[in-house]
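S.K.: Before I ask anything, here is the structure I am working with.
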Amino acid sequence: MKIIKKILLILLIILLISQFFGPDKNEGSLTSLETFISETNPPENVHKILKESCYDCHSNKTVYPWYSNITPVNYWLADHIKDGKKHLNFSNWNNYSLKKKEHKVDELYEEVEKGEMPLNSYTWTHSEANLTQDQIEAIVSWGKKVQADYKQQINSK
């Protein structure tokens, strides 16, 4: 029994010490989204959806919840954000080619339409990110329009 207590004490000490370390946070500026917003011109309702349901994981600006300061949760969040930005980063919109922008918008509204985005692991703790059918339809409608605009630009070159 003493060995179990010693092991638990050591694990507790390790857990406490680990709280002083953590990954870098994704705390860029909202100005990094200006290119995306000006080019795609989302209506106010769609922009609100993007802000509440997408930007935390798909931009350089994350609004962190209180539990993001707890190790190992902070590492899980950092990995989740890194993976989200790898697939789509609204803050890097100006670095994407027209063809890539067209493709990213296509993926965006398709993932939302299929219910793949936002992820369940995100909506569990961010209930405001749960999308209604009307919100999904607004994203899809806006996305199809933006995609058509990009296709037209691509074809006119």
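Throughout, read-outs are computed from the coordinates displayed, never taken from laboratory work. Here the structure is a predicted model, which is why all the values come from computation and not from measurement. Heads up, the Cβs are rebuilt from the backbone with ideal geometry, glycines too, and the neighbour counts pull from every protein chain shown.
S.K.: Under a point-charge model restricted to the Cβ atoms of Lys and Arg (+1) and Asp and Glu (-1), what is the dipole moment magnitude of the chain relative to its Cα centre, in debye to the nearest 20? Kindly include the intermediate steps, with their values, before the conclusion.
M.R.: Values: 19 positive and 20 negative charges, 146 e Å.
With only Lys, Arg, Asp and Glu charged at Cβ, the dipole is about 700 debye.
S.K.: State, as an integer percentage, the relative contact order of the chain based on alpha-carbon contacts under 8 Å between residues 6 or more apart.
M.R.: Details: 137 pairs, mean separation 41.7, N = 157.
After rounding, I find 27 percent.
S.K.: Choose one of P42, F90, L12: the residue whose Cα lies farthest towards the positive end of the charge dipole of the chain (beta-carbon charges +1 Lys, Arg; -1 Asp, Glu; about the Cα centre).
M.R.: L12
S.K.: Further, regarding this structure: To the nearest 10 degrees, how steeply does helix 98-113 sit against the main Cα axis of the chain, on a 0 to 90 scale?
M.R.: 70
S.K.: Residue farthest toward the positive end of the dipole of the chain, with Cβ of Lys/Arg at +1 and Asp/Glu at -1: which of T62, L108, I154?
M.R.: Going by the charge dipole, the pick is T62.
S.K.: Order the peptides 102-113, 51-62, 132-143 from the highest to the lowest mean number of other Cβ atoms within 10 Å of their residues.
M.R.: Numbers: 102-113: 18.5, 51-62: 21.0, 132-143: 15.7.
In decreasing order of mean packing, 102-113, 51-62, 132-143 become 51-62, 102-113, 132-143.
S.K.: Helix-only estimate, please: 222 nm mean residue ellipticity of the chain, summing -39500 (n - 2.57) across DSSP H runs of length 4 or more and dividing by its residues, to the nearest 500.
M.R.: On the way: 8 runs with 96 residues, N = 157.
Estimated from H runs of four or more residues: -19000 deg cm²/dmol.
S.K.: Follow-up question, since we're still on this one. Take the cross-link list K61/K99; K104/K145; K25/K114 and give me the ones stretching past 23 Å between alpha-carbons.
M.R.: On the way: K61/K99 25 Å; K104/K145 13 Å; K25/K114 30 Å.
As for pairs spanning more than 23 Å Cα to Cα, those are K61/K99; K25/K114.
S.K.: Another one. Could you give the length gained on full extension between I10 and E107, defined as 0.36 nm per residue of separation minus the Cα-Cα distance, in nm? Can you show the working numbers first?
M.R.: On the way: separation 97, 0.36 × 97 = 34.92 nm, distance 4.68 nm.
Answer, rounded to one decimal: 30.2 nm.
S.K.: Taking H placed 1.01 Å from N in the peptide plane, check which residues at least 5 places from N60 or on another chain put their amide H under 5 Å from its amide H.
M.R.: Residues meeting the amide H criterion: S91.
S.K.: Then there is this: I'd like the FRET efficiency for T71 and K2, computed as 1/(1 + (r/R0)^6) with the beta carbon distance as r and R0 of 35 Å, rounded to 0.05. Mind showing how you got there, number by number?
M.R.: Working: r = 28 Å, r/R0 = 0.79.
The computed FRET efficiency comes out at 0.80.
S.K.: Compute the angle between helix 73-87 and the longest alpha-carbon principal axis of the chain, please, reported from 0 to 90 degrees and rounded to the nearest 10.
M.R.: For helix 73-87, the angle is close to 20 degrees.
S.K.: Moving to a separate point now. How tilted is helix 2-18 with respect to the longest principal axis of the chain? Cα atoms for both, answer in degrees (0 to 90, nearest 10).
M.R.: Approximately 40 degrees, to the nearest ten.
S.K.: Mind giving me the nanometre distance, one decimal, between the label points for S141 and K82, set 7 Å out from Cα along Cα→Cβ?
M.R.: It is 4.0 nm.
S.K.: OK, next. Going 7 Å from the Cα of T125 along its beta-carbon direction, which residues of the range 60-78 have the amide nitrogen within less than 12 Å of the resulting point?
M.R.: Label zone hits: 63-78.
S.K.: State, to one decimal in nm², a quarter of the convex hull surface area for the C-alpha atoms of the range 25-155, i.e. the direction-averaged projected area. Provide the component values of the computation, followed by the final result.
M.R.: Working: hull surface 30.1 nm².
Its average projected convex-hull area is 7.5 nm².
S.K.: List every residue whose amide H lies under 5 Å from the amide H of M117, counting only residues 5 or more places away in sequence or on a different chain, with H placed 1.01 Å from N in the peptide plane.
M.R.: Those qualifying (amide H under 5 Å, at least 5 residues apart or on another chain) are V112.
S.K.: How about K101: which aspartates and glutamates have a C-alpha closer than 17 Å to its C-alpha, ignoring those fewer than 8 places off in the same chain?
M.R.: In chain and number order, the partners are E34, E39, E110, E111, D149.
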